[in-house]
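Read the figures in this text as sums done on the coordinates, not as results from a lab. In this text, all values refer to a predicted model and were calculated from it rather than measured experimentally. Glycine also receives a Cβ, built like all others from the backbone with ideal geometry; neighbour counts cover every protein chain displayed.
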Amino acid sequence: MQNIGLIGLGNAGRPMAQRILAKGYRLTVFDIDPDSVRRAVEIGARAASSAAQAVQEITITLLPSAVEVRQAVLGDSGVLMSLESGQTLVDLSGTDPGCAKELQQRLTERQAVFIGGTIHASGAPAVVIPQGRFSIVVGGEKIELTSVAGFLNDVADTVICLPEPWMPKAFKIAIILFATTNSIITAEICSWLTVQGANPKLFLDLLQTTGSTAAASRLEEFMRRNNNDGGALSNSYKDFRQALDVAAKLQIPMPLASMANQIQEMARAGGLQRFNSPAAMGKLYELMTGTDLTHATVDAGKPEAKARERRVVYLGE
């Protein structure tokens, strides 16, 4: 079995450590929180005293943002201090495309391999990651991706490979833009219908009956907002800021995303940052319109996800 290093034992890092160890890999971990490291050691990991000491054949960073990743990789006692030629760094953190491009350049100078990636899970990380019911999207040259695909597919049920290390970061942010903007307009529509005396559930029935499956699916997703699925609004806000920062550097306008970001600002100011995006938008529009949207919800229960055949998929070859 390969030696794996894991830097970051937060909401996704803790269950990732559990999953890696359960699959029989030797794991070395580092986190700035000693208690998180201690808990990982209790289940079989080896503790490192710095990010540099956590470096192994394959090293994973799983941190909140580019700030923490740059410190862990490029800072004092960072990964670059001990990364050797031919070793691989897989960044699954919540970083932006610019950070991925920077890390790729710095690791190439050291003749090491950089793979950018993201985690995609349909439920709470603490539940789905230990069970392997999630996907990992990675980007890089095919020969480099192939060298780590076996390990990644042993951990996650699906590994999706893209041609460039920055692409998983950009696509993950694009997913958040889609989802959050949809939550905002759906909350607005539900308020608009409710004020007129129309039950949004009846609107959902209409969409399903007429075969408007795409619109019905978006509305039903919003109505299932009383669950714990999806990232908190605070994470969505971070992704929007990253998207707008990239747009500013590229000098392209994103007026809709800018407006959606301002609406998220309102929700954050209202203390809704820990809610998932549909729930936060539903509560925000209740406050703004004086409308009770509690009737515009459906059963939040989700069927148990079926085990999927393990697979590695290459896109954009």
- Query: Mind listing the Cα extents of the range 3-165 along all three principal axes, in Å, largest one first?
  - Reply: 37, 32, 25
- Task: Please state, as a whole number in µm²/s, the translational diffusion coefficient that the Stokes-Einstein equation yields for the range 130-171 at 37 °C and 0.692 mPa s, with Rh defined as the Kirkwood radius across alpha carbon pairs.
- Result: 315
- Task: Counting helices only, and only those DSSP H runs with n ≥ 4, report the 222 nm mean residue ellipticity of the chain as the sum of -39,500 (n - 2.57) divided by its residues, in deg cm²/dmol to the nearest 500.
- Result: -16000 deg cm²/dmol
- Quote the charge dipole size of the chain about the Cα centre in Debye, to the nearest 20; the model charges only the Cβ of Lys and Arg (+1) and of Asp and Glu (-1). 320
- Query: Local charge sum around GLY86 (other residues, Cβ-Cβ under 15 Å, Lys/Arg +1, Asp/Glu -1)?
  - Reply: -4
- Message: Can you give me the angle between helix 97-109 and the longest principal axis of the chain, using Cα atoms only, in degrees from 0 to 90, rounded to the nearest 10?
- Response: 10
- Query: One-quarter of the Cα convex hull surface for the chain, in nm²?
  - Reply: 17.6
- Message: Only counting other Cβ atoms within 10 Å, I'd like ARG19, ARG39, ARG308 sorted with the fewest neighbours first.
- Response: ARG308, ARG39, ARG19
- Throw me the Rg/Rh for the range 170-289, computed over C-alpha atoms with Kirkwood Rh, two decimals. 0.99
- Can you give the FRET efficiency for GLU265 and GLN71, using 1/(1 + (r/R0)^6), R0 = 25 Å, r = Cβ-Cβ distance, to the nearest 0.05? 0.40
- Query: If we sort 49-57, 208-216 on the protection proxy, mean other Cβ atoms within 10 Å, highest first, what's the order?
  - Reply: 49-57, 208-216
- Task: Can you tell me the order of 277-285, 235-243, 187-195 when each peptide is scored by its average per-residue count of other Cβ atoms within 10 angstrom, highest first?
- Result: 277-285, 235-243, 187-195
- Task: Working from Cα positions, state the angle (0 to 90°, nearest 10) between the long axis of helix 255-269 and the longest principal axis of the chain.
- Result: 90
- Note on the structure: the range 35-99: spread of alpha-carbon positions along the three principal axes, whole Å, largest first, is 36, 26, 20
- Tilt of helix 213-223 relative to the longest C-alpha principal axis of the chain, in degrees (0 to 90, nearest 10)? 90
- Assigning unit charges at the beta carbon (Lys, Arg +1; Asp, Glu -1) and nothing else, what dipole magnitude in debye, to the nearest 20, does the range 1-148 show about its Cα centre? 440
